[in-house]
Amino acid sequence: MDVLDLARTQFAVTGGLHFLFVVLTLGMAPLVALMHTRWAMTGRPLHEAMTRFWGQIYVINYALGIVTGLVMEFQFGLAWSGLSHYAGDVFGAPLAMETLLAFFLESTFLGLWIFGWGRLPRWLHLACIWLVTLTAYASAFFIMLANSFLQNPAGSVARDGRLELVDFGALLTNKALVFSFPHVVAAGLFTGGMVLVGASAYMLRRRTEQVEFFTRSMRLGVVTAAIGITFTMGFGYAQFAGVQDGKWDNVGAAIGLALMMEVGQLLGLVVLLVMLPLIRFLPRWRWAYPLLVAMTPLPFVLSIAGWVAREVGRQPWMIWGRLTVADAMTPGLTAGMVTASLIGFAGVLGLLAVVDYVLIARTIRRGPREPDLGAGVPGETRAPALSL
Amino acid sequence: MEVIWFAFFAVLLVGYFALEGFDLGVGLLLPLLGRTREGRDRMVAAMAPYVLANEVWLVAVAGTLFGVYPALEGEVLFALYPVVVAMLLSWVLRDAGLWFRRRADGRGWRGFWDAMIAFGSLGLSFGWGMALYAAATGFAAGPMHPLGLMLGMVVTLLFAWHGWTFLAWRTPGEFGAARPGRALVVSGAVAALPAAGVLAGAMPYLVEHSASAATLNVLSLMVLPFAPIMLGAQLWVWRTFRPGKDAFRLPSFF
């Protein structure tokens with residue numbers, strides 16, 4: 001592989017790993033916020049247990065979203081400085097907004113939500129998880145705004161060999177953005193819903209005592225997945241009107257697209273025509289549990305396939321029709337430099353991703369009895385905390 | 001407008017040093033002051049509620065660098081390529097240590113991630129000194145310059161002292177000393193001095209290389225109205241987790 005292929009591989013690996021975790025974050029944040037709302041309104045222990053159990057899975061997943069995101073953010077400067085040189089005046093603004101308006105607040109409120117358990121008043125604590133959800137969606141919006149500019153460089157003109165921002169409104173109404181953002185958000189909801197379904201099926205199969213807990217979780221998951229897949233497909237088809245000519249001439253992109261659409265539609269049929277109508281009985285059908293567990297990884301595969309279609313289809317352009325990926329690469333970057341950093345990032349992040357999934361599986365297997373999240377809340381009877 | 005955005009950028013970087021400085025300091029002190037597992041648990045629990053709100057200042061620095069100084073973003077990061085990669089890996093391992101250390105039982109598990117927290121904090125602190133020296137020379141000197149290594153040592157020691165002051169403020173007497181909030185403000189200001197110095201020297205160069213007026217206008221319109229909310233959220237963290245008798249009452253998630 002030459003240096004360009006290595007740099008592309010590095011971005012693809014970190015970007016792919018990042019989205020595997022982000023897609024679940026986007027789907028689970030509103031679900032956990034919903035559970036927390038019901039707990040705040042009713043005070044029922046069942047709703048508290050659901051908030052803490054699914055909340056813990058959400059935050060364990062979140063950890064890898066953060067660390068992979070950090071590596072992505074800095075890679076623009078490390079390996080793709082040609083992009084900021086040519087289009088930084090346009091492309092930099094949405095990335096700056098993402099960090100300042102969205103992630104800065106998201107991280108601050110998430111810290112308050114996790115560590116404010118038992119300290120913050122009930123409604124303020126609830127407000128934190130809704131603010132986390134809101135800012136997570138704002139984050140996704142600005143990232144999709146930046147990505148859509150690469151697909152279709154609206155709102156800018158080339159002057160003196162650089163792109164200048166002339167119309168920010170055109171970036172916001174970019175035809176590559178208006179349907180892809182809701183498509184991604186809905187895919188997140190679909191993923192979050194299917195994880196609830198799969199984890200609940202796994203626990204019911206293990207004959208957990210928490211039958212009501214996982215029956216409710218599974219039904220919430222089915223409804224969420226049904227809403228998610230409907231809008232994912234709807235906004236997915238709507239995107240075709242705005243796709244650049246020649247995007248699917250690229251074999252890799254065409255395969256990603258075909259995989260996503262065929263498997264996605266099949267899953268959509270199963271969710272909408274089988275799981276949703278039979279939602280009352282589904283949690284009691286033992287024979288269905290292994291099938292539901294087996295379906296859990298599919299939304300993640302489809303999400304990656306979708307990104308492959310969108311990003312590989314952009315090749316050889318970094319910015320469609322304006323700047324090639326080869327020209328966007330940092331001048332002076334050597335194969336040795338990228339190889340070393342690629343091994344470091346892929347090795348460390350890959351291992352951490354595996355550990356993270358093992359920890360999520362372990363949290364699910366332990367069930368909702370004693371999650372670490374919110375442990376030691378006053379009023380609960382338990383031994384004093386042994387470790388602090 | 002260029003000056004306002006320079007001030008914004010400077011506040012973010014100085015704020016990062018003053019705030020995340022003590023988290024890294026506590027991480028550095030973990031093997032020294034936390035001889036027992038319980039001791040390390042208490043040290044991590046003391047900083048845990050602040051970490052997410054503190055480290056995000058550097059994410060904001062990087063975002064602002066891209067948005068306000070697009071012409072410099074690539075040059076700065078590329079000139080420091082090996083240091084930036086090492087610092088990122090350190091940051092990743094430190095964060096992973098915090099998130100993972102209590103997610104499984106077993107002495108070995110927690111000990112391993114505690115070592116990652118200390119190791120990551122060291123890599124990040126030392127890397128900052130090297131990066132700042134290289135930036136101060138306009139990247140004429142490589143990051144491995146002896147003076148850069150010396151500044152790496154200085155920043156590491158400053159952060160360790162800042163972390164020690166933080167522990168003495170948040171958990172008075174627990175690790176040998178008790179310090180009032182004023183002392184923490186002073187140690188924060190001192191920990192931020194190296195960054196503030198480099199920023200002051202680089203100000204004319206940075207202002208000159210700002211993004212175009214159109215870009216800065218859009219950024220100002222979109223971002224500046226939210227600055228009070230960003231500040232308010234940070235103040236809320238400090239108000240919620242101020243020291244008190246309940247500092248250790250609840251088990252920490254980290």
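Overview of results
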item: Gained length - residue B:196 relative to residue B:231, 0.36 nm times residue gap less alpha-carbon distance; result: 10.6 nm
item: Order by protection proxy (mean Cβ within 10 Å, highest first), peptides A:123-131, B:176-184; result: A:123-131, B:176-184
item: Using distinct alpha-carbon pairs, which all enter the 1/r mean, Kirkwood radius of the range A:26-141 in Å; result: 15.5
item: Degrees separating the helix A:104-115 axis from the principal Cα axis of chain A, which is the longest one; result: 20
item: Potential extension, residue A:351-residue A:273 segment - 0.36 nm per residue separation minus Cα distance; result: 24.2 nm
item: Gaussian network model of chain B, springs between alpha carbon atoms under 10 Å - residue of B:29, B:235, B:158 with greatest fluctuation; result: B:235
item: Sum of -39500 (n - 2.57) over DSSP H runs of 4+, divided by residues of chain A (222 nm, nearest 500); result: -24000 deg cm²/dmol
item: Distant alpha-carbon pairs in the protein assembly as shown (separation over 46 angstrom), percent; result: 15
item: Using alpha carbons only: equivalent-ellipsoid semi-axes of the range A:3-366, gyration tensor based, whole Å; result: 36, 23, 20
item: Computed lengthening from residue B:4 to residue B:140, 0.36 nm per intervening residue step minus Cα-Cα distance; result: 46.1 nm
item: Averaged over A:58-69, number of beta-carbon atoms from partner chains that fall within 10 Å; result: 3
item: Order of B:107, A:310 - criterion: other Cβ atoms within 10 Å of each residue's Cβ, fewest first; result: B:107, A:310
item: Axial C-alpha extent at least 18 Å, average Kyte-Doolittle at least -0.5 - helices from chain B (DSSP); result: B:2-33, B:37-68, B:81-100, B:107-136, B:146-170, B:193-208, B:227-240
item: Positive-end extreme of charge dipole, the range A:1-159 - chosen from A:42, A:95, A:6 (charges on Cβ); result: A:42
item: Within 10 Å of each Cβ in A:157-164, the average number of Cβ atoms from other chains; result: 1
item: For the range B:125-254, fraction of C-alpha pairs farther apart than 23 Å, in %; result: 56
item: Equivalent ellipsoid dimensions for the range B:2-240 as semi-axes, Å, which come from the Cα gyration tensor, largest first; result: 31, 21, 17
item: Label-to-label distance, nm, for residues given as residue B:32 and residue B:189 (7 Å Cα→Cβ offset); result: 2.4
item: Distance (nanometres) between label positions extended 7 Å along Cα→Cβ at residue B:109 and residue A:249; result: 5.4
item: Residue order, fewest to most beta carbons within 10 Å, for A:47, A:18; result: A:47, A:18
item: Order of A:72, A:50 under a 10 Å beta carbon neighbour criterion, fewest first; result: A:72, A:50
item: Angle between chain A longest axis and helix A:298-312 axis [Cα atoms, degrees, rounded to 10]; result: 10
item: Gyration tensor (Cα) of the range A:163-275, equivalent ellipsoid semi-axes in angstrom; result: 36, 17, 11
item: Separation in nanometres of the label points that stand 7 Å from Cα toward Cβ, at residue A:241 and residue A:159; result: 3.2
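Read the figures in this text as sums done on the coordinates, not as results from a lab. None of these values were measured; they are calculated from a predicted model. Virtual Cβ from ideal backbone geometry, glycine too; neighbours counted across all protein chains shown.
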